[in-house]
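Novice: Below are the structure tokens for one structure; questions will follow.
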Amino acid sequence: MPTTREAILSALHALLRRHPAPVLRGEILRERVPAAGLLILRDGDPGEPAVMLSPLRCHYRHCAEVEAIVQAGTGRDAAFDSPAAGLGSALAVDRTLRGQCDWAEAEAPRPIDLAVDGAATLKAAVIPIVLHYASADPLG
């Protein structure tokens, strides 16, 4: 049986896979970025929980991250907007990730341009996804 944290991250990964761009989890950036872009889910940091006793409940504000990357010539900015907007729309429809967490919300993307020798510049951003949930076990 997966832990609460793993169930939530798996549900987030499944939600992201609805997007037309390939979605990886915890992998390194590929040499080639597909035309539709690429999303990489990073597990992130669960942070320090707020603990309630009797019964024990650990309340987390877990910050996962989605790296959105596109590599396109003239339409790079428009191509970049699609994964970020798609992620926001998907989360707006299912804030509890099919009942796995209390609330999920995206924060503003932090964009960056990455130079690549001999290729078009990559446009990338880290999009923080804040996951609110509780667990009876700090390891779960």
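The values are calculated or read from the model by the stated rules, or taken from the named source; none is laboratory data. Values in this document were obtained by computation on a predicted structure and should not be read as measured data. Here Cβ is always computed from backbone atoms with ideal geometry, including for glycine, and neighbour counts include all displayed protein chains. When the accessible area is computed, the model is the full protein with side chains, heavy atoms only, and any ligands, DNA or RNA have been set aside. Shrake-Rupley method; radii C 1.70, N 1.55, O 1.52, S 1.80 Å.
Rundown of residues vs (1) in a helix (DSSP H, G or I); (2) within 22 Å of Ala90 (Cα to Cα); (3) hydroxyl-bearing (Ser, Thr, Tyr), yes/no style:
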{"position": "Ala14", "(1), (2), (3)": "yes, yes, no"}
{"position": "Ala36", "(1), (2), (3)": "no, yes, no"}
{"position": "Gly44", "(1), (2), (3)": "no, yes, no"}
{"position": "Glu48", "(1), (2), (3)": "no, no, no"}
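Novice: Right, next: Any idea which of Gly26, Gly99, Gly37, Gly44 is closer than 23 Å to Tyr133 by Cα and surrounded by 11 or more Cβ atoms within 10 Å (Cβ to Cβ)? First the steps, then the outcome.
Specialist: Numbers: Gly26 fails: surrounded by 11 or more Cβ atoms within 10 Å (Cβ to Cβ); Gly99 fails: surrounded by 11 or more Cβ atoms within 10 Å (Cβ to Cβ); Gly37 fails: closer than 23 Å to Tyr133 by Cα.
Going through Gly26, Gly99, Gly37, Gly44 in turn, the sole match is Gly44.
Novice: Which residue pairs have Cβ atoms under 9 Å apart, sit 6 or more places apart or on different chains, and have a first residue in the stretch 95-106 that is under 12 Å from Ala11 (Cβ atoms) and a second that is exposed (fewer than 13 other Cβ atoms within 10 Å of the Cβ) and among the charged types (D, E, K, R)?
Specialist: Pairs that qualify, where the first residue is under 12 Å from Ala11 (Cβ atoms) and the partner is exposed (fewer than 13 other Cβ atoms within 10 Å of the Cβ) and among the charged types (D, E, K, R), are Cys101/Arg95; Ala104/Arg95.
Novice: For the stretch 1-23, name all the residues that are open to solvent by 20 Å² or more (accessible area, probe 1.4 Å), among the hydrophobic types (A, V, I, L, M, F, W, C) and at pLDDT 90 or above. Break it down into steps so the answer makes sense when it comes.
Specialist: Looking only at the stretch 1-23, we keep the residues that are open to solvent by 20 Å² or more (accessible area, probe 1.4 Å), and these are 1-7, 10-11, 13-14, 17-20, 22-23.
Imposing the further condition that a residue be among the hydrophobic types (A, V, I, L, M, F, W, C) reduces the set to 1, 7, 11, 14, 23.
Ala7, Ala11, Ala14, Val23 - these are the residues of the stretch 1-23 that are open to solvent by 20 Å² or more (accessible area, probe 1.4 Å), among the hydrophobic types (A, V, I, L, M, F, W, C) and at pLDDT 90 or above.
Novice: Tally the residues that are β-branched (Val, Ile, Thr) and open to solvent by less than 80 Å² (accessible area, probe 1.4 Å), restricting the search to the stretch 102-117. Lay out the reasoning, then the answer.
Specialist: Within the stretch 102-117, the first condition is being β-branched (Val, Ile, Thr), and the residues that meet it are 112, 116.
Cutting the leftovers down to open to solvent by less than 80 Å² (accessible area, probe 1.4 Å) gives us 116.
Number of matching residues: 1.
Novice: While we're looking at this one, here's another question. Mind listing whichever residues of the stretch 16-70 are without any contact (Cβ under 8 Å) to a residue 60 or more places away in the chain, closer than 22 Å to Ala85 by Cα and touching a Cys at 6+ places or on another chain (Cβ under 6 Å)?
Specialist: none
Novice: Continuing with the same structure: What's the total number of residues in the stretch 51-110 that are within 15 Å of Ala124 (Cβ to Cβ) and either part of a strand (DSSP E or B) or of a type in the set (Ser, Thr, Tyr) (or both)?
Specialist: 8
Novice: Also, I was wondering about something else. Scan the stretch 115-140 for residues that are of a type in the set (A, V, I, L, M), in contact (Cβ under 8 Å) with a residue 12 or more places away in the chain and in contact with a strand residue (DSSP E or B) (Cβ under 9 Å, 6 or more places away or on another chain) and jot them down. Talk me through it step by step, then tell me what you get.
Specialist: If we filter the stretch 115-140 for residues that are of a type in the set (A, V, I, L, M), which is where we start, we get 115-116, 119-120, 122, 124-127, 129-131, 134, 136, 139.
Okay, now just the ones that are also in contact (Cβ under 8 Å) with a residue 12 or more places away in the chain, so 116, 119-120, 122, 124-127, 129-131, 134, 136, 139.
Val116, Leu122, Ala124, Ala125, Val126, Ile127, Ile129, Val130, Leu131, Ala134, Ala136 - these are the residues of the stretch 115-140 that are of a type in the set (A, V, I, L, M), in contact (Cβ under 8 Å) with a residue 12 or more places away in the chain and in contact with a strand residue (DSSP E or B) (Cβ under 9 Å, 6 or more places away or on another chain).
Novice: From the set of residues in the stretch 83-96 that are closer than 30 Å to Arg32 by Cα and in contact with a strand residue (DSSP E or B) (Cβ under 8 Å, 6 or more places away or on another chain), which is surrounded by the fewest Cβ atoms within 10 Å (Cβ to Cβ)?
Specialist: Gly88
Novice: Got at least one residue in the stretch 52-67 being β-branched (Val, Ile, Thr), in contact with a strand residue (DSSP E or B) (Cβ under 9 Å, 6 or more places away or on another chain) and modelled with pLDDT of 90 or more?
Specialist: Checking the stretch 52-67: at least one residue is β-branched (Val, Ile, Thr), in contact with a strand residue (DSSP E or B) (Cβ under 9 Å, 6 or more places away or on another chain) and modelled with pLDDT of 90 or more.
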